[in-house]
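Report on the structure given below.
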Amino acid sequence: MLQSILLLVAAALLCAVTLQLSCKRGGSIVIQKRDQEDAIASGSVRRRRLLGLNMGIELERKTYKLPYYLEQNLVNWDNLERSVETRDTPIFWHVLKSGGSAIKLMYATCYQLVGASESGEWIDRQQQESALARQQGQDSGGERQRRRLEGEDNNEVSPMEWVQKAIIEQWQVWDESAETQDNQQQQLRVVVAEDGRKYVNVDVTTMEGIARASRLNFASSGLADVIFTPLLRESAELLLDADNHKGRMFAVFRSPVDRIVSLFYYLQQATWEPTYNEEYSSMTIDDYARSPLCESNWMVRTLVNKMEGPLDGPRDIAIAKEIIRQKCIVGLLDEMDETIRRFHSYFGFENDEALTCALQNFAAAGGLQSNSHKHPKLDPNGSTWEIIEKKNSLDIHLFEYAIELWHEQGQWMKNENML
């Protein structure tokens, strides 16, 4: 009996010792793991502090997987290692009525850069039509003179026969023009406007134009110094490549409600724009706000490629924020002077005269901004403002985030001695 009791006590002591050792080992593992996590976290904090970035923004960040062509073809904005050995192409995401037209004109006139937008194809077409008209006039004049000299110009042809012959000749000229234009447009080249602006002869503001430019090997041509397009995803996929022709995204942001109000009044008169709709001319801004024509989160929809249908609010805004957080140098329309300076410094445009020209002519509202126009202001406390605000709640969220990034990037640029 005593022997059994002693065996039970010994077994109990053995279990207690084993449990204690296990707890110690487990505690050691837990402590070691916590130490590793603390070390990693402190290292991340140190890296962020070295960059001088806003820790408040970092706390709410969560990494989302970006589309392959955005991830691979666009360089992260804080990656300066590539600039030494490679030439990345600046690609401006043109958010309508946010100062993009001014930026495009600024780089063409003050910096004299070769741009790729919609302008090159239009200039190319106009020049070809003018050349054809001159050629047609010279040919017609020479032919009339030859007929008079050889006695062929007489009244033997009836009026109706003359009209029919003229129509046939016009169709022949049209067919020759179309064929010549198709042949010429199969080659990428730089066209020069009458005022000296230079553009590649493509239109990268439409899907068709981007696809055509891609077929003509736009990326490897190296003709464009800067790209201007509202179609960021399509341009990144087809106009850039991950090997030797990457891009650096930059954009100017504006309050979404102010931007949409400005866009409405502009489209009421802009009959030349492809987005013009005759319905605008008879609408009030309140009519527009309540109609399906009113924009609804255009920026977020463009970035996540959901131009129609419902948006997944939390996920889609997170992806849109992640794209501009990783890839975009942010400018603000309300801070255009500082925006121009940042773009100038970041992209290494070492031309003080060009910067002076840009600041004098494009920094202040009403300068040489080709697309600016005056229009009535909308009451921020009115129901119309509220309707537009509700329809664009995700864009407003993205705009507020862009302002945070603006401050963060400003501090980063100071630490890199760019400002």
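The values are calculated or read from the model by the stated rules, or taken from the named source; none is laboratory data. Small disclaimer: the values here were computed from a predicted structure and weren't measured. Counting neighbours? That spans all protein chains shown, and the Cβs are built from the backbone with ideal geometry, glycine included. All accessible areas refer to the heavy atoms of the entire protein, side chains included, with ligands and DNA or RNA removed. Shrake-Rupley method; radii C 1.70, N 1.55, O 1.52, S 1.80 Å.
A few points about this structure:
- Counted residue by residue at 0.36 nm each, then reduced by the alpha carbon distance between them, the extension gain from S130 to A242 reaches 36.4 nm.
- Potential lengthening between A211 and D352 on full extension [0.36 nm per residue; Cα-Cα distance subtracted]: 47.1 nm
- Net length gained if the chain between E194 and Q112 were fully extended (0.36 nm per residue, minus Cα distance): 28.2 nm
- Two-site FRET efficiency, N415 against S282, from Cβ-Cβ distance with R₀ of 35 Å, rounded to 0.05: 0.05
- Accessible area per residue for segment 277-348 is 43 Å², calculated with a 1.4 Å probe on protein heavy atoms, without ligands, DNA or RNA.
- Taken along its three principal axes, the alpha carbon spread of segment 241-363 comes to 48, 37, 25 Å, from the longest extent down to the shortest.
- Under 15 Å, Cβ to Cβ, from A364 - net charge with Lys/Arg +1 and Asp/Glu -1: -2
- Label separation (K390 vs S220): 5.4 nm, computed from points 7 Å beyond Cα along the C-beta direction.
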